[in-house]
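**Student:** Would you mind keeping the following structure in view while I ask a few things?
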Amino acid sequence: MAKKPYYITTAIAYTSGKPHIGNTYEAILADAIARFKRKEGYDVFFQTGTDEHGQKIQEKAQAAGVTPQAFVDGVANEIKGIWDLVDTSYDKFMRTTDSYHEKQVAKMFKKFYDQGDIYKGYYEGMYCTPCESFWTESQLVDGKCPDCGRDVKPAKEEAYFFKMGKYADRLIEHINTHPEFIQPVSRKNEMMNNFLLKGLQDLCVSRTSFTWGIPVDFDNRHVVYVWMDALSNYITGIGYDADGNHGENYKKYWPADLHLIGKDILRFHTIYWPIFLMALGEPLPKQVFGHPWLLQGDGKMSKSKGNVIYADDLARLFGVDAVRYFVLHEMPFDNDGQITWELVTERFNTDLANVLGNLVSRTIAMIDKYFGGTVVRSEKANEEDPDAEFKATVTGISAKVRAKADELRIADAISEVFTLFRRANKYIDETMPWVLAKDESKKSRLNDVLYNLAEAIQIGASLLDSFMPETSKKIFSAYGGESRSLEACEEFGLRDSVTVTAIPPLFARLDFKVLAPEIEKIRAEQAAAYAAEQAKLNPEAAKQPEAKTEAVEEAKVPEIAFEDFEKVQLRVGEIIACEPVPKSSKLLKETVKFGEEIRTVVSGIAKHYKPEEMVGKKVVFVTNLAPRKVCGVVSEGMILAAEDEDGTLSLIVPDKAELKSGANLG
């Protein structure tokens with residue numbers, strides 16, 4: 001029986017620069033879904049790639065002194081290298097400079113024009129170069145781009161426009177009759193209420209102010225605007241032909257089962273892309289999932305903020321599978337996730353080293369020590385507690401993982417696998433093999449316990465291999481097995497015997513204090529690279545002296561009543577991350593935990609404390625100050641410190657270390 005096809009795509013990465021871990025998360029998530037679908041028996045086609053045209057790329061290539069093609073070749077290779085580094089099992093790496101793609105996009109544009117979907121006009125509005133987007137004055141937020149918050153500039157140019165309203169009612173009907181089309185549901189409501197139901201404006205689909213794009217073959221002053229170009233990759237990459245002579249992959253895999261994208265580009269994928277497909281007469285993708293963002297500190301990662309974390313740096317310090325585990329496990333289904341160097345280290349130690357690594361290594365050690373490396377399945381195994389409950393838990397995990405994965409709740413799916421590993425550790429505590437080993441009459445029972453553990457680890461590794469493939473391979477090599485099907489994971493005791501081989505620890509605990517100097521080096525290198533890039537893009541600005549940051553001076557205030565002092569809220573906060581504020585020699589940005597609440601606080605203490613010194617400290621903060629933007633960072637509190645006449649500064653800290661974060665001072 002032929003396997004059922006399953007086509008999954010990521011958004012194609014824009015080749016303006018190196019992708020950070022938030023971008024890389026999408027590729028890892030798509031890979032986990034693709035691997036799991038293969039495990040379920042699907043014939044999977046997984047496509048990813050790069051978006052390579054546009055004004056921003058033309059400007060960056062000019063600043064770098066190379067052709068746009070040479071520029072995108074270099075960045076595309078870097079992106080592909082990172083996707084390979086994090087072990088993504090894509091079937092096609094698509095590039096929008098591929099000749100077949102460019103040819104088909106030009107043909108699609110002509111087809112739209114011939115059937116009256118496109119007309120020529122003029123666009124006048126505010127343009128954001130990084131986002132490649134036009135905006136009206138009313139759409140701006142504080143005069144800035146509503147998507148990225150950057151500056152916009154007036155622009156007027158001749159352009160072709162697509163008649164969006166022609167297909168709007170048909171799209172609304174499709175969304176209403178296909179509730180699974182846009183996920184999560186909150187994203188569907190956003191698209192309907194904020195865009196479709198308000199009425200669609202015609203969409204600019206060509207540009208004349210730059211040349212790096214696919215030419216409009218019947219009007220060579222124009223190039224196809226980036227979104228029509230980029231979105232079409234999902235069909236051209238698998239052999240779509242605008243004349244109807246489609247390739248076999250297109251016939252087999254379209255419509256796509258899943259477009260996996262970031263929530264910030266949902267509008268393009270759930271409104272513009274479906275309308276383009278309707279105009280082509282092609283079926284719509286079955287589902288578009290807008291995943292949340294992976295945030296660092298107070299917002300999206302940005303080189304200008306100096307808060308970018310890259311996958312290759314993480315992999316060098318923690319290993320590839322640890323990076324995969326963190327981003328898959330820590331990202332909620334429909335809320336933004338957080339990443340810091342400190343959080344990755346903590347999760348590495350608690351989950352990977354303690355729960356999984358320790359379980360695998362000590363089980364191997366016990367089998368080797370007590371039975372020379374081999375345990376056998378008993379024909380009369382104990383089926384009473386804790387064995388019966390333990391086996392039921394282990395064999396019941398597979399169905400739970402499948403249910404979560406099929407809902408795209410990958411964080412929950414991987415949590416279920418670690419529920420198995422935690423239960424196995426508890427089973428060791430319950431059965432106490434080291435005690436059984438002291439009594440020769442208990443040797444049979446000891447064999448059964450260790451066999452049960454080996455079997456549980458084998459099942460757990462089989463369920464883990466979609467998410468952490470290299471780790472699973474290492475476990476299989478240590479336990480002499482191979483990955484089992486999801487159905488086989490529902491059965492216990494499939495092997496007559498298990499022979500183990502000692503391997504190096506899967507995850508050795510890390511000390512953040514040891515990692516901190518390397519992390520600071522990475523940050524410094526990134527800051528220098530960003531400064532050099534900006535100098536090339538804007539040479540005149542680079543000649544200007546660095547803007548001075550105003551120091552926050554202590555104000556002299558009159559005597560206050562006790563009632564006024566009572567208005568001040570003082571709480572103990574634990575600093576879980578700290579980094580310099582870019583372009584300031586005085587400011588530090590602290591990520592502070594107050595009980596369950598996380599806040600960002602900016603403090604003028606960089607001359608007195610290094611960022612790595614601050615991490616782990618419990619300090620007193622004022623927490624009911626109105627938020628204030630300092631050097632572009634919103635500060636949500638004030639750290640308390642004392643300074644003497646010699647300029648020596650000391651933080652105000654509680655004298656009892658056990659005092660919990662979030663404690664109120666009164």
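**Student:** Among the candidates Thr374, Thr350, which residue alone is touching a strand residue (DSSP E or B) at 6+ places or on another chain (Cβ under 7 Å), of a type in the set (S, T, N, Q) and either more than 17 Å from Ile459 (Cβ to Cβ) or modelled with pLDDT under 95 (or both)?
**Tutor:** Numbers: Thr350 fails: touching a strand residue (DSSP E or B) at 6+ places or on another chain (Cβ under 7 Å).
Of Thr374, Thr350, the one residue that is touching a strand residue (DSSP E or B) at 6+ places or on another chain (Cβ under 7 Å), of a type in the set (S, T, N, Q) and either more than 17 Å from Ile459 (Cβ to Cβ) or modelled with pLDDT under 95 (or both) is Thr374.
**Student:** Give me a count of the residues in region 85-140 that are touching a strand residue (DSSP E or B) at 6+ places or on another chain (Cβ under 9 Å) and under 30 Å from Glu470 (Cβ atoms).
**Tutor:** Matching residues across region 85-140 total 8.
**Student:** Let me ask another. For region 1-24, name all the residues that are among the aliphatic types (A, V, I, L, M) and over 20 Å from Gly54 (Cβ atoms). Let's see the steps before the verdict.
**Tutor:** Just the residues of region 1-24 that are among the aliphatic types (A, V, I, L, M), to begin with: 1-2, 8, 11-13, 21.
Result: Met1, Ala2, Ile8, Ile21.
**Student:** Residue by residue through region 270-301, note down the ones that are touching a strand residue (DSSP E or B) at 6+ places or on another chain (Cβ under 7 Å), surrounded by fewer than 23 Cβ atoms within 10 Å (Cβ to Cβ) and either part of a helix (DSSP H, G or I) or of a type in the set (Gly, Ala, Ser) (or both).
**Tutor:** Listed by number, the residues that qualify are Tyr272, Gly297.
**Student:** For residues that are in a loop (DSSP other than H, G, I, E, B) and charged (D, E, K, R), scanning just region 469-511, find the one that is farthest from the chain's Cα centre (by Cα).
**Tutor:** Going through the qualifying residues, I end up with Asp496.
**Student:** Output the residues belonging to region 349-373 that are touching a helix residue (DSSP H, G or I) at 6+ places or on another chain (Cβ under 7 Å) and not in a helix (DSSP H, G or I).
**Tutor:** Gly373
**Student:** Which count do you get for residues in region 321-348 that are crowded, with 18+ Cβ neighbours inside 10 Å and part of a helix (DSSP H, G or I)?
**Tutor:** The qualifying residues number 15.
**Student:** Right, here's the next one. Filter region 190-215 for residues that are without any contact (Cβ under 8 Å) to a residue 24 or more places away in the chain and in contact with a strand residue (DSSP E or B) (Cβ under 9 Å, 6 or more places away or on another chain) and give the result.
**Tutor:** Met192 - this is the single residue of region 190-215 that is without any contact (Cβ under 8 Å) to a residue 24 or more places away in the chain and in contact with a strand residue (DSSP E or B) (Cβ under 9 Å, 6 or more places away or on another chain).
**Student:** Quick one: is Asn245 in contact with a Lys or Arg (Cβ under 9 Å, 6 or more places away or on another chain), polar (S, T, N, Q) and at pLDDT 95 or above?
**Tutor:** Answer is no for this residue.
**Student:** Being basic (Lys, Arg) and not in a loop (DSSP other than H, G, I, E, B) narrows it down to one of Lys660, Lys593, so name that one.
**Tutor:** Values: Lys660 fails: not in a loop (DSSP other than H, G, I, E, B).
Matching residue, one of Lys660, Lys593: Lys593.
**Student:** What do you reckon, is Lys37 free of Cβ contacts under 8 Å to residues at least 40 places away in the same chain, assigned to a helix (DSSP H, G or I) and either touching a helix residue (DSSP H, G or I) at 6+ places or on another chain (Cβ under 6 Å) or of a type in the set (D, E, K, R) (or both)?
**Tutor:** Considered against the rule, which asks whether it is free of Cβ contacts under 8 Å to residues at least 40 places away in the same chain, assigned to a helix (DSSP H, G or I) and either touching a helix residue (DSSP H, G or I) at 6+ places or on another chain (Cβ under 6 Å) or of a type in the set (D, E, K, R) (or both), Lys37 comes out as yes.
**Student:** Going by the structure shown, is Glu102 in contact with a Lys or Arg (Cβ under 9 Å, 6 or more places away or on another chain) and in contact (Cβ under 8 Å) with a residue 60 or more places away in the chain? If you could, list the steps in order and put the result at the bottom.
**Tutor:** Working: in contact with a Lys or Arg (Cβ under 9 Å, 6 or more places away or on another chain): no; in contact (Cβ under 8 Å) with a residue 60 or more places away in the chain: yes.
Spelling it out, it is not the case that Glu102 is in contact with a Lys or Arg (Cβ under 9 Å, 6 or more places away or on another chain) and in contact (Cβ under 8 Å) with a residue 60 or more places away in the chain.
**Student:** Any chance you could count how many residues in region 225-245 are within 17 Å of Ala279 (Cα to Cα), of a type outside the set (Phe, Trp, Tyr) and part of a loop (DSSP other than H, G, I, E, B)?
**Tutor:** Residues in region 225-245 being within 17 Å of Ala279 (Cα to Cα), of a type outside the set (Phe, Trp, Tyr) and part of a loop (DSSP other than H, G, I, E, B): 5 in total.
**Student:** Suppose the filter is under 27 Å from Ala322 (Cβ atoms), touching a strand residue (DSSP E or B) at 6+ places or on another chain (Cβ under 9 Å) and either at pLDDT below 90 or β-branched (Val, Ile, Thr) (or both); does Lys263 pass it?
**Tutor:** Considered against the rule, which asks whether it is under 27 Å from Ala322 (Cβ atoms), touching a strand residue (DSSP E or B) at 6+ places or on another chain (Cβ under 9 Å) and either at pLDDT below 90 or β-branched (Val, Ile, Thr) (or both), Lys263 comes out as no.
**Student:** Scan region 57-78 and give yes if some residue there is closer than 25 Å to Ala322 by Cβ, surrounded by fewer than 21 Cβ atoms within 10 Å (Cβ to Cβ) and touching a residue at least 12 places away in the same chain (Cβ under 8 Å), otherwise no.
**Tutor:** yes
**Student:** Same structure, new question: Restricting region 417-465 to residues that are touching a residue at least 40 places away in the same chain (Cβ under 8 Å) and of a type in the set (Asp, Glu), which is farthest from Lys391 (Cα to Cα)?
**Tutor:** Here the residue is Asp465.
Every residue, every condition in (1) over 23 Å from the mean Cα position of the chain (by Cα); (2) assigned to a loop (DSSP other than H, G, I, E, B); (3) surrounded by fewer than 21 Cβ atoms within 10 Å (Cβ to Cβ); (4) at pLDDT below 95, yes or no:
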position: Thr9; (1), (2), (3), (4): no, no, no, no
position: Lys18; (1), (2), (3), (4): no, yes, yes, yes
position: Thr24; (1), (2), (3), (4): no, no, no, no
position: Ala30; (1), (2), (3), (4): no, no, no, no
position: Ile33; (1), (2), (3), (4): no, no, no, no
position: Val44; (1), (2), (3), (4): no, no, no, no
position: Gln47; (1), (2), (3), (4): no, no, no, no
position: His53; (1), (2), (3), (4): yes, yes, no, no
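**Student:** Quick check on region 450-467. Is at least one of its residues surrounded by 14 or more Cβ atoms within 10 Å (Cβ to Cβ) and at pLDDT below 95?
**Tutor:** Among the residues of region 450-467, not one is surrounded by 14 or more Cβ atoms within 10 Å (Cβ to Cβ) and at pLDDT below 95, which makes the answer no.
**Student:** Shifting gears a bit: Exactly one of (1) at pLDDT below 95; (2) crowded, with 23+ Cβ neighbours inside 10 Å is unmet by Ile235. Its number?
**Tutor:** (1)
**Student:** Search region 568-606 for residues being without any contact (Cβ under 8 Å) to a residue 40 or more places away in the chain and either charged (D, E, K, R) or out of contact with any strand residue (DSSP E or B) (no Cβ under 8 Å at 6 or more places or on another chain) (or both), and hand back the single one that is surrounded by the fewest Cβ atoms within 10 Å (Cβ to Cβ).
**Tutor:** By that ranking, first place goes to Ser585.
**Student:** Let me ask something else. Hey, Val514 hits all of (1) in contact (Cβ under 8 Å) with a residue 40 or more places away in the chain; (2) in a helix (DSSP H, G or I); (3) within 30 Å of Glu612 (Cα to Cα) but one; which does it fall short on?
**Tutor:** Every condition holds for Val514 apart from (1).
**Student:** Also: Could you check region 628-652 and list, in sequence order, the residues that are part of a loop (DSSP other than H, G, I, E, B), at pLDDT below 85 and surrounded by 11 or more Cβ atoms within 10 Å (Cβ to Cβ)?
**Tutor:** Cys631, Gly632
**Student:** In contact with a Ser or Thr (Cβ under 7 Å, 6 or more places away or on another chain), in a strand (DSSP E or B) and of a type in the set (A, V, I, L, M), is that true of Val619?
**Tutor:** So Val619 does not fit the description; no.
**Student:** Tell me which residues, restricted to region 105-149, are acidic (Asp, Glu) and either free of Cβ contacts under 8 Å to residues at least 60 places away in the same chain or within 19 Å of Ser16 (Cβ to Cβ) (or both).
**Tutor:** Within region 105-149, Asp114, Glu124, Glu132, Glu137, Asp142, Asp147 meet the criteria.
So that you can scan it fast, the table gives a plain yes or no per residue for (1) outside any helix (DSSP H, G or I); (2) touching a Leu at 6+ places or on another chain (Cβ under 6 Å); (3) assigned by TED's automatic domain parsing to the domain that holds Phe492; (4) crowded, with 18+ Cβ neighbours inside 10 Å:
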| site | (1), (2), (3), (4) |
| --- | --- |
| Val375 | yes, yes, yes, yes |
| Asn382 | yes, no, yes, no |
| Phe390 | no, no, yes, yes |
| Thr395 | no, no, yes, yes |
| Lys400 | no, no, yes, no |
| Ala403 | no, no, yes, no |
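**Student:** Please verify whether region 113-128 includes one or more residues that are at pLDDT below 95, aromatic (Phe, Trp, Tyr) and within 31 Å of the chain's Cα centre (by Cα).
**Tutor:** yes
The values are calculated or read from the model by the stated rules, or taken from the named source; none is laboratory data. Just so it is clear, the model here is predicted, and its values are computed rather than measured. Backbone-built Cβ (ideal geometry, glycine too); neighbour counts: all protein chains shown.
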